[in-house]
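The values are calculated or read from the model by the stated rules, or taken from the named source; none is laboratory data. Source: prediction; values computed, not measured. Every residue, glycine among them, receives a Cβ derived from its backbone with ideal geometry; neighbour counts consider all protein chains shown. The accessibility values were calculated without ligands, DNA or RNA, using every heavy atom of the protein model including side chains. Shrake-Rupley method; radii C 1.70, N 1.55, O 1.52, S 1.80 Å.
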Amino acid sequence: MNFDPRYSGRNFSSVGTRPVRPDGVDKVTGRARYGADFNMAGQLVGRILRSPHAHAVIKSIDTSKAEKLAGVKAVITAKDLPDLTDGDAAMYDILDNCMARKKALYDGHAVAAVAAIDARTARQALKLIEVDYEVLPHVTDVDEAAQHHAPLINDQVYTEGLEEKPAKPSNVTKRTQFGHGDVHKGFAEADFIVERSFKTEQTHQGYIEPHACVASVNPDGTAELWVCTQGHFVYRQHCAQLLGLEASKLRVTSSEIGGGFGGKTHVWAEPVALALSRKAGRPVKLVMTRDEVFRASGPTSATSIDVKIGARKDGTITAAEATLRYSCGPYAGSWAEIGAMTAFACYKLENVKTVGYEVLVNRPKTAAYRAPSAPMAAFAVESAVDELAKELGMDAVDFRIKNAAQEGTRSSYGPIYGPIGIGPTLEAVKSHPHMKAPLKANQGRGMACGFWFNFGGQTCTDLNIGMDGTVSLAVGTVDVGGSRASLSLVAAEELGIDYSNVKAIVADTSSLGYNDMTDGSRGTFSSSMATISAARNAIKILKDRAAQMWDIPVEDVTWEKGHAIAKGEKYGNLSPLSLKDIAAKSGTTGGPIAGHSELVADGAGVSFATHICDVEVDPETGSTRVIRYTVVQDAGKAVHPTYVEGQYQGGAAQGIGWALNEEYIYGKDGRLQNAGFLDYRIPVCSDLPMIDTQILEIPNPNHPYGVRGVGETSIVPPLAAIANAVSNAVGVRMTHIPMSPPRILAALEAEREG
Amino acid sequence: MVEVTLWGSLSAVAGGKAKHEIEAKDIRELFRKLAEQYPGIEPWIDRGIAVAIDGTIYRDTWSKELPEGAEIFLLPRLAGG
């Protein structure tokens, strides 16, 4: 990578301003095209048949009656998606999740699919498919599944990460451990110890737009996929591998996205749509219903976490320990591992140990959800930290400040921190007016900290300068939160032109080099680095063209504020040439002017946030209302502050829903009971207060502008901040998320009964 | 020569040792030499290992040089949302 990513401490003209987003008008007028808004001539309607059983052997599938139904053009089962994964276990799991091969592993698991001329015919065809199941015992609870007598979901799974391979298979796929020091010694030095167990229920990202795609496979092996995704290049790789297509012949275009939050980071139904199109010889549109999104896309883990923290009388934490069990659905994952890494990341600890267990259950395949796994670990740890502060008689913020990690601290997951923002967020919270506002009866205040890694990845960008001097910026990271605006600001900043002269688009997979997907809070971090690099490459060409126009050596040309400058007294009579001047002459100075960049954007800066929350709890009904909420978070550099604030508010809003209402509820039959927004209640505007934000800017030394990721960290503290607020309001420590009214009433009753 | 620290689970397939002295100029050479010494690490490298150099995490830049005396820490390659 011939690009210096180091922070330069420059002053900004465009970056840090708040222009209107380029996709805004289309979105508010309904013109923006989402996954289900695209159509192809002659397209069919795809529908998927799903298992009604949580765990069952598929003995046989008879599709003959469905195939004979007039209007049905294709019926497929796992036989139409043969295993081409060549030993890649993770891809095999994705394939099996797209279409069950031997067993249905959860309620909603796909077992067959049809393509028909209309939705009615497709639904009728599904009813004509006969599946002979042998129903097996199932398990949906993470703690029950980890027991040795639990029904086995995969008898080939032997727990990894143990010193010796276990003699028997189990649902625990992996044990991981992090930490340093000696926790036994640390606890022996403690004057106070808090030890508690916590649970969090499974939640869905709750994106408003369901998964949707239109797939078209041609007889010559070329194919097109229009799809709602967080990463169309990754979807291309997955689909090409699973269907045996050449990646270069599969053109994937990402639609606008109505939310993803990690749930649209790998394929769910897209290979099915392509397989149906290949068999039918016509395009196929496949749109999940909300019921299918809940039952068969990828929610986050349910968890069970034990925490133990000890401190001396002076408030110094002497040891911290956590055991974390995370559900993975029926396929192996690394969700507890991430929880174990993030759990104590906010603190400076001499003795710390975390152990994670990945647990298979008969629920949908777990997917990433915004700072995956960190919110649940933070809930457990920050609840225990609050309780320990109370036992010590210390203010909750002061206790955290005393123990906060700093530059040079060895993190609980291993490496030593560079410049970080946990201390500044805590100091900002300590002096925030919110902390001093009076509370009324039945109200409580809580605060909590959160951490997320952030990361970068493979990134490719094209910057093309038109002959009129306007700039097209083609990026490959899907815009999930306003990145077209922020990347246009970066291009304008680097070129020295006005924001209104830059138009950013998300290019399809045939128009640009490979890009990793938009996850890990990397969209603006990575693509801004590539945009800066591309702009600098374009400036080299602009300087060369200016030198031609002046007939002077290019070494004598500099670039300042959007203009080529001939430096030196001998060129005193040469007026600067603007980008527009140079672009207008490009046809006769060497042709089109463009800058290209392909790089790996590594070195993302870790991110911290501290949240404050006030709640009011009705002691008669157990209903909780959030009455005030404040987010303080380090952004590194806020490229477009309005969208940074939007990310902070969005994370808090999702966290409020997770903390108070949202949960997957399974019946004894292993079937999901609340697969719809009426029964799975996410917050709406009237449930939320105005969420105040405060942006801190502690520059990331590994980005030219100091940018860190901002999208995920904001969902890490809310579960804990709200739990601490509710606990303070009702006088009982809340240990089970969501804190729904029945759960709060039960906790109050248990307290009364002693 | 750099000192490399492996996270708990990875050290289990590297002779049970968390700290290793390796002669490697960059991440690519580090992975190659670790795999030569401990073949059990190879599947882990295939699945993804991130390398923290003085606290900065690198996931894909295998050409990144390992400065003498730097703190090198191997971590799982993470998923994000």
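What whole number of Å gives the distance from the Cα centroid of segment A:428-494 to the Cα centroid of segment A:622-661? Each part's Cα centre sits 13 Å from the other's.
Could you rank the peptides A:170-180, A:474-484, A:569-579, A:444-454 by their average count of other C-beta atoms within 10 Å per residue, with the highest value first? Write down the numbers at each step before the final one.
Working: A:170-180: 22.4, A:474-484: 25.2, A:569-579: 13.7, A:444-454: 27.3.
Order by mean packing, descending: A:444-454, A:474-484, A:170-180, A:569-579.
Using a 10 Å cut-off on Cβ to Cβ distances, tally the other chain neighbours for every residue of A:186-194 and report the average as a whole number. Could you put the intermediate results ahead of the total?
Working: counts 0, 0, 0, 0, 0, 0, 0, 0, 0.
If you average over the peptide's residues, the count of other-chain Cβ atoms is 0.
Pull out a ≥ b ≥ c, the square roots of the eigenvalues of the alpha-carbon gyration tensor of chain A, then state rounded if a/c is under 1.5, prolate if not and a/b is larger than b/c, and oblate in the remaining case. The shape class here is oblate.
Within a straight-line Cα-Cα reach of under 25 Å, residue A:436 can be paired with the following lysines, leaving aside sequence neighbours fewer than 8 residues apart in one chain: A:390, A:402. Counts of other chain beta carbons within 10 angstrom of each beta carbon in peptide A:328-340 average 2. Sequentially through segment A:27-42, phi angles give Karplus couplings (6.51, -1.76, 1.60; θ = phi - 60°) of 6, 7, 9, x, 7, 4, 9, 8, x, 8, 8, 9, 9, 10, 4, x Hz, Gly and Pro residues having no value and appearing as x.
Counting Cβ atoms of other protein chains within 10 Å of each residue's Cβ and taking the mean over peptide B:70-79 gives 6. When the solvent-accessible area of segment A:673-754 is split by element, carbon and sulfur atoms take up 54 percent of it, the probe being 1.4 Å. Across the options B:24, B:12, B:67, the greatest Cα extent toward the positive end of the charge dipole of segment B:2-76 (unit charges at beta carbon of Lys, Arg, Asp, Glu) belongs to B:12. Accessible surface computed residue by residue for chain A, with neighbouring protein chains in place and a 1.4 Å probe, gives 37 Å² per residue. When only alpha carbons are used to place a centre, segment A:264-286 and segment A:384-410 end up 51 Å from one another. Note on residue A:402: accessible area approximately 90 square angstrom, rounded to 10, probe 1.4 Å, nucleic acids and ligands left out. A simple packing score, the average count of other Cβ atoms within 10 Å per residue, orders the peptides A:191-201, A:383-393 as A:383-393, A:191-201, with the highest score first. These residues, A:663, A:160, B:42, go from largest to smallest accessible area, 1.4 Å probe, as B:42, A:160, A:663. Scoring A:23-34, B:19-30, A:688-699, A:405-416 by mean Cβ neighbours within 10 Å over their residues and listing the highest first yields A:405-416, A:688-699, B:19-30, A:23-34. On the accessible surface of chain B, probed at 1.4 Å, how many percent belong to carbon and sulfur atoms? The computed percentage sits at 49.
Within 10 Å of each candidate Cβ there may be at most 13 other Cβ atoms; applying that plus a DSSP loop requirement, which trypsin sites (Lys or Arg not before Pro) in segment A:721-754 survive? Walk me through the numbers on the way to the answer.
On the way: sites: A:733, A:743, A:752; in loops: A:733.
Loop-located and lightly packed - none at all.
Annotation for the A:B interface, with buried accessible surface near 2100 Å², both sides summed [1.4 Å probe; non-protein components not counted]. Only Lys, Arg, Asp and Glu count, each charged at its Cβ (+1, +1, -1, -1), so figure out the dipole size of the protein assembly as shown about its Cα centre, rounded to 20 debye. Rounded to the nearest 20 debye, it is 1520 debye.
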